[in-house]
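Down below is the structure, laid out as structure tokens.
Every number in this text was worked out from the coordinates using simple rules, so none of it is lab data. What you see is a predicted model; the values in this text were computed from it and never measured. Here the Cβ is made from the backbone with ideal geometry for all residues, glycine too, and neighbour counts use every protein chain on show.
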């Protein structure tokens, strides 16, 4: 996860730095936009392979074992307090939470193929539901993150900051803000309305 965030934040930083240099160098706006997206895309393609980790999984009636490249992680179902799986904007995500840790694993379609992981996540949820029903546990099957109020609050705050920045800046800067921050906010709002009612069965 941290490798993925580093790649994404680095790509965004390259995009914003290119826009900043374009503004203060008074480069043509269209050229600046093309360069920003182009350099960010090339940088992302160069770094993304470093964020991918191979993993094989063994799923049983009472546990799941993840065999990564450098370590093996076993999770017993009787240690879990909650679990959930949903299809995020970039691929399937699986959470297995216990009192000790919150374990998250996902496949991002910008980095790799996600079909195999989606099949595993579905099988894991089915097995966990069976285990929960059979043992009559207080194990919680949570819904999608998009169904939470926290995500909606985040969108409202981020949009408010964006609109305020758009209003107080000069006309030239507004164009850059519109193409930059507006694009990412639009994607998140679309994701919210498309996924907010999605819950794992």
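How far, in nm, would the chain grow between residue 72 and residue 37 when pulled straight, counting 0.36 nm per residue and subtracting the alpha carbon separation?
Result: 8.8 nm gained on full extension.
Specify the inter-centroid distance of the range 1-55 and the range 93-121, based on alpha-carbon positions, in whole Å.
If you average the Cα positions of each part, the centres end up 25 Å apart.
Ranked highest first by average number of other Cβ atoms within 10 Å, how do 62-73, 101-112 line up?
101-112, 62-73
If I take the Cα coordinates of the range 53-142 and project them onto the principal axes, what are the three extents in Å, biggest first?
Dimensions of the range 53-142 along the principal axes of its Cα atoms: 39, 28, 21 Å.
Assuming a ≥ b ≥ c are the square roots of the Cα gyration tensor eigenvalues, decide whether the range 1-51 counts as rounded (a/c under 1.5), prolate (otherwise, with a/b larger than b/c) or oblate.
prolate
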